[in-house]
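Peer 1: Input: one structure, supplied below.
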Amino acid sequence: MFLAAAAALIAAMVLALARAFAGPTVYDRILAVNQIGTQTVLLIAVMGFISGRPDFLDISLLYALINFVATIAVLRYVKRDRARADKQS
Amino acid sequence: MILEIISWISIAIGAFFVLVGGIGILRMPDLFTRMHPAGITDSVGAGFILLGLLPQSGDWLVSVKLALIFVFLLFTSPVATHALAHAALLDGLKPWTKARDKTRDKDGAP
Amino acid sequence: MLHAVGLFAVLFGTWVILSGHFTPFLLISGAVCAALTVAITLRMDLLDRRRDFLGRVWRLPFYWLWLAGQIILWALIVSRKVLAPRLDIDPVLERVPSSQRSDLGRVMYANSITLTPGTLSTDVREGEIEVHALTQAAMEDLKSDDMDRRVSATEAAPHKPAEPTEGER
């Protein structure tokens, strides 16, 4: 059952990865990467249960936090980049 | 035994919703409509998978961590989604609508 | 001061839960780390001193239960839309009034909107929230729905009621 869940998560990650490649806007890519991050959090948790090592949950927890901060940080970066481009044009 | 079955069913439901989120993010026509399936993964998919893992943990520390992951996801995912949607709107991205799809007018940023 | 103590309690509690060991060394280093963080926060003047709090906290669990049911219901609806062979969506972007008095209540309402599949908050102002909905039905449901009223019900009653009709519309 754990393996099936992991397989579903990986399949969904591939789909999100396809969206990250396809774009078309920066925001689509950020959304897709954020989505992959959420799926990774779940995948790490499930992998921890597959291998019988619940310590994986600490990594999962950390990943959830980093994923959020990374999304906000990239968003800020893109926003500032856009503002600068507007000023120049 | 019953708990085990419940946990497996829950994980299966969660995996299904994660898959739906993945399909939706690929299928929907524009950013804003894509965010709705993405939200399914964040809330329902994650919720059911973590709920299903809960009876398998066997240690209160592991259970608390699972609950903590769920709470973090529940607090951070809507904030990230909101920030993304807000930034995209400020950038001049026009939401896809049925009418615009039919007429196929392609006006750029205002 | 109360805010600083609260921050310390949250940080130290997180430390204890995540470590899971109760040896004196780990507990003391946890307390030192939490105290250091609070000190730096105070020095950088980053402490949030707003006094928003929910007046009727005991209503929160009921609200969360109701919200969970709502989320699962709409997840099923949106899943059917996603898996349908023909894409049957009609997205709308509209402003929806919000009756919360505090920032915390507004954030709760906006986050609840975003968490529910099918609706998505894109802008939060005082008294209204801009919402993107996947279908017309989702928007109608949000407008007619009592989510706004339920969130407001977890807030405290106003000290000086601006209008006699409190919360109800």
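The values are calculated or read from the model by the stated rules, or taken from the named source; none is laboratory data. All values derive from a computational prediction rather than experimental measurement. Counting neighbours? That spans all protein chains shown, and the Cβs are built from the backbone with ideal geometry, glycine included. What goes into the accessible areas is simple: the full protein's heavy atoms, side chains included, and nothing from ligands, DNA or RNA. Shrake-Rupley method; radii C 1.70, N 1.55, O 1.52, S 1.80 Å.
Peer 1: Which shape class applies to region B:2-96: rounded if a/c is under 1.5, otherwise prolate when a/b exceeds b/c and oblate if not, where a ≥ b ≥ c are the square roots of the Cα gyration tensor eigenvalues?
Peer 2: oblate
Peer 1: Largest first and in whole Å, what are the equivalent-ellipsoid semi-axes of chain A based on the Cα gyration tensor, each being the root of 5 times an eigenvalue?
Peer 2: Result for chain A: semi-axes of 32, 16, 5 Å.
Peer 1: Around C:Gly20, under 14 Å between beta carbons, what's the net of Lys plus Arg minus Asp minus Glu among the other residues?
Peer 2: Every neighbour counted, the sum reads -2.
Peer 1: Treating only the Cα positions of the protein assembly as shown as identical point scatterers, give the base-10 log of I(q)/I(0) from the Debye formula at each q in 0.09, 0.10, 0.15 Å⁻¹.
Peer 2: For the protein assembly as shown at q = 0.09, 0.10, 0.15 Å⁻¹, log10 I(q)/I(0) is -0.56, -0.70, -1.45.
Peer 1: Can you give me the % of accessible surface on region B:1-87 that is carbon or sulfur? Probe 1.4 Å, all protein chains present, nothing else counted.
Peer 2: Result for region B:1-87: 80 percent of the exposed heavy-atom area is carbon or sulfur.
Peer 1: Please determine, in degrees from 0 to 90 and to the nearest 10, the orientation of helix A:26-50 with respect to the longest principal axis defined by the Cα atoms of chain A, where the helix direction is its Cα long axis.
Peer 2: 10
Peer 1: Given labels modelled 7 Å from the Cα in the Cβ direction, how far is it in nm from A:Ala73 to A:Ser51?
Peer 2: 2.5
Peer 1: For the Cα atoms of chain A, what angle does the longest principal axis make with the long axis of helix A:56-88, in degrees from 0 to 90, nearest 10?
Peer 2: With rounding to tens, the tilt is 10 degrees.
Peer 1: Looking only at C:Ala153, C:Ala110, C:Ala84, which one moves most when chain C is put into a Gaussian network model with springs between Cα atoms under 10 Å?
Peer 2: Evaluated over chain C, the most mobile residue of the options is C:Ala84.
Peer 1: Right, next: Are there DSSP H segments in chain C that both extend 15 Å or more along their axis (alpha-carbon positions) and score a mean Kyte-Doolittle hydropathy of at least 0.0? List them, or say none.
Peer 2: Span-like helices here: C:2-19, C:24-43, C:60-83, C:103-115.
Peer 1: Right, something else. How large, in percent, is the carbon and sulfur part of the accessible surface of region C:57-153 at a probe radius of 1.4 Å?
Peer 2: Answer for region C:57-153 is 60 percent, counting heavy atoms of protein chains only.
Peer 1: Okay, next question. How large is the accessible surface per residue of region C:57-153, computed with a 1.4 Å probe and reported in Å² as a whole number?
Peer 2: Value returned for region C:57-153: 46 Å² of accessible area per residue.
Peer 1: Would you mind listing how long chain C runs along its three principal axes, going by Cα atoms, in whole Å with the largest first?
Peer 2: Reported extents, whole Å, longest axis first: 61, 48, 30.
Peer 1: Please report the buried accessible area for the interface of C with B, total over both chains, probe 1.4 Å, in Å² to the nearest 100.
Peer 2: The buried area between C and B, both sides summed, comes to about 2900 Å².
Peer 1: Still on this structure: Using amide H atoms built 1.01 Å from N in the peptide plane, name the residues 5+ places from A:Thr25, or on other chains, whose amide H lies under 5 Å from its own.
Peer 2: For A:Thr25, whose amide H was placed from the backbone, there are no distant partners under 5 Å.
Peer 1: Here's another thing I want to ask about it. Give me the one-decimal nm value for the distance between modelled label points at A:Leu65 and B:Ala12, 7 Å along each residue's Cα-to-Cβ direction.
Peer 2: That separation, rounded to one decimal, is 3.7 nm.
Peer 1: Which helices pass in chain B if a helix is a full DSSP H run, must span at least 18 angstrom along its long axis by Cα, and must have mean Kyte-Doolittle hydropathy not below 1.0?
Peer 2: B:2-27, B:60-90
Peer 1: Now for a separate question. Using only protein heavy atoms and a 1.4 angstrom probe, determine the accessible area buried between A and B, summed over both sides, in Å² to the nearest 100.
Peer 2: 3600
Peer 1: Using modelled backbone amide H atoms (1.01 Å from N, in-plane), which distant-in-sequence or interchain residues come within less than 5 Å of C:Ile129's amide H?
Peer 2: Those qualifying (amide H under 5 Å, at least 5 residues apart or on another chain) are C:Val96, C:Ser98.
Peer 1: Hey, what's the Kirkwood Rh for region C:63-136 if you take every pair of different alpha carbons, in angstrom?
Peer 2: It is 13.1 Å.
Peer 1: Here's a follow-up. Could you check which residue among C:Leu26, C:Leu47, C:Leu134 shows the biggest mean-square fluctuation in a GNM of chain C with a 10 Å Cα cutoff?
Peer 2: Result for chain C, Cα springs under 10 Å: C:Leu26 fluctuates most.
Peer 1: Could you give the accessible area per residue of region A:2-88, probe 1.4 Å, as a whole number in Å²?
Peer 2: On the way: 4510 Å² over 87 residues.
That works out to 52 Å² per residue.
Peer 1: Please go through the residue pairs A:Lys79/B:Lys98; B:Lys65/C:Lys81; B:Lys94/C:Lys143; A:Lys87/B:Lys94; B:Lys94/C:Lys81; B:Lys98/C:Lys143 and name each one whose alpha carbons sit more than 32 Å apart in this structure.
Peer 2: From the list (A:Lys79/B:Lys98; B:Lys65/C:Lys81; B:Lys94/C:Lys143; A:Lys87/B:Lys94; B:Lys94/C:Lys81; B:Lys98/C:Lys143), the Cα-Cα distance tops 32 Å for B:Lys65/C:Lys81.
Peer 1: Then there's this: What length, rounded to one decimal in nm, is gained on full extension from C:Arg86 through to C:Ala153, with 0.36 nm per residue of separation minus their alpha-carbon distance? All intermediate terms of the calculation are to be shown ahead of the outcome.
Peer 2: Working: separation 67, 0.36 × 67 = 24.12 nm, distance 4.02 nm.
Net length gain for the segment: 20.1 nm.
Peer 1: Another one. By what distance, in whole Å, do the Cα atoms of region C:2-43 stretch along each of the three principal axes, largest value first?
Peer 2: The principal-axis extents, from largest down, are 30, 14, 13 Å.
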